[in-house]
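Worksheet: the structure to be examined is printed underneath.
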Amino acid sequence: MILNFDHKLNHMKTLYLIRHAKSSWEDSSLRDIQRPLNPRGKRDAPFMAKLLKGKGIQADAIVSSPANRAFTTSTYFAKEMGIEENEIIQEDSIYEAYTEDIFNVIHSLHNSINTVFLFGHNPTFTSMANMFTQNYIANVPTCGIVVIESAAESWSAFGRENSLLKDYYYPKQYF
């Protein structure tokens, strides 16, 4: 099947799946959801946010897992995009999600949003990425960004049949 992305460029939906930056395991008393970013995560998140901004990419919305490491990563991107921290949508179902949970989040997005940054976790984000590409991705690393473009006119119609993985960035490409 050949996807025609050209006819509706104004309505194209673009999903950025962004795995949280590297987290710290230093404090073993913390619950998983509470783990903060480690120094490498605090380096990578602002760098990758600037990378997207430098490519002329602007998010219409930012949706994040409530996990500390994911939300903190999303704040670096929000700052770079000129989005207030209180505008970041925290979505509980992204934490410990299955791919169906992520599709439910995507399908519930408001259609006025054309570009969304979704912050979450593996192994789900790697599984999601592989649904939209022929080139197998073994692992989306921390602060990895998977860009999926869709010809769907609404988020509720977003799916494998009308969407393709268009770009893939991760910190070790640059460091």
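No lab work stands behind these numbers, since they all come straight from the coordinates. Computed from a prediction, not measured in an experiment: that's the story for all the values here. Quick reminder, even Gly has a Cβ in these numbers, built from the backbone with ideal geometry, and neighbours come from all protein chains shown.
Applying both filters, DSSP loop and at most 13 other Cβ atoms within 10 Å, to the chymotrypsin sites (Phe, Trp or Tyr not before Pro) of the range 82-114 gives Tyr98. Among beta bridges from DSSP that stay inside the chain, the antiparallel ones total about 50%. Sorting 48-61, 140-153 by their mean Cβ neighbour count within 10 Å, with the most densely packed peptide first, gives 140-153, 48-61. Normalised by the number of residues in the chain, the average gap of Cα pairs under 8 Å and 6 or more apart makes the relative contact order 32 percent. Among the listed pairs Lys13/Lys172; Lys22/Lys172; Lys42/Lys166, which are separated by more than 23 Å between their Cα atoms? Flagged as over cut-off: Lys13/Lys172; Lys42/Lys166.
Based on alpha-carbon positions alone, could you give the equivalent ellipsoid semi-axes of the range 9-173 from the gyration tensor, as √(5λ), descending, whole Å?
Listed largest to smallest, the semi-axes of the range 9-173 are 24, 17, 16 Å.
At a Förster radius of 22 Å, what calculated FRET efficiency corresponds to the Cβ-Cβ distance of Glu87 and Arg31, to the nearest 0.05? All intermediate terms of the calculation are to be shown ahead of the outcome.
Values: r = 26 Å, r/R0 = 1.19.
That pair, Glu87 with Arg31, gives E of 0.25.
Across Glu26, Glu96, Glu87, mean-square fluctuation computed from a Gaussian network of the chain (C-alpha pairs under 10 Å connected) peaks at Glu26. If the segment from Asn104 to Leu51 were pulled out straight at 0.36 nm per residue, it would be longer than the present Cα-Cα gap by 16.2 nm. The alpha carbon centroids of the range 73-140 and the range 25-68 are separated by 12 Å.
Figure the gain on full extension for Ala138 and Arg40 (residue separation times 0.36 nm, minus the Cα-Cα span) and round it to one decimal in nm.
On the way: separation 98, 0.36 × 98 = 35.28 nm, distance 2.14 nm.
Net length gain for the segment: 33.1 nm.
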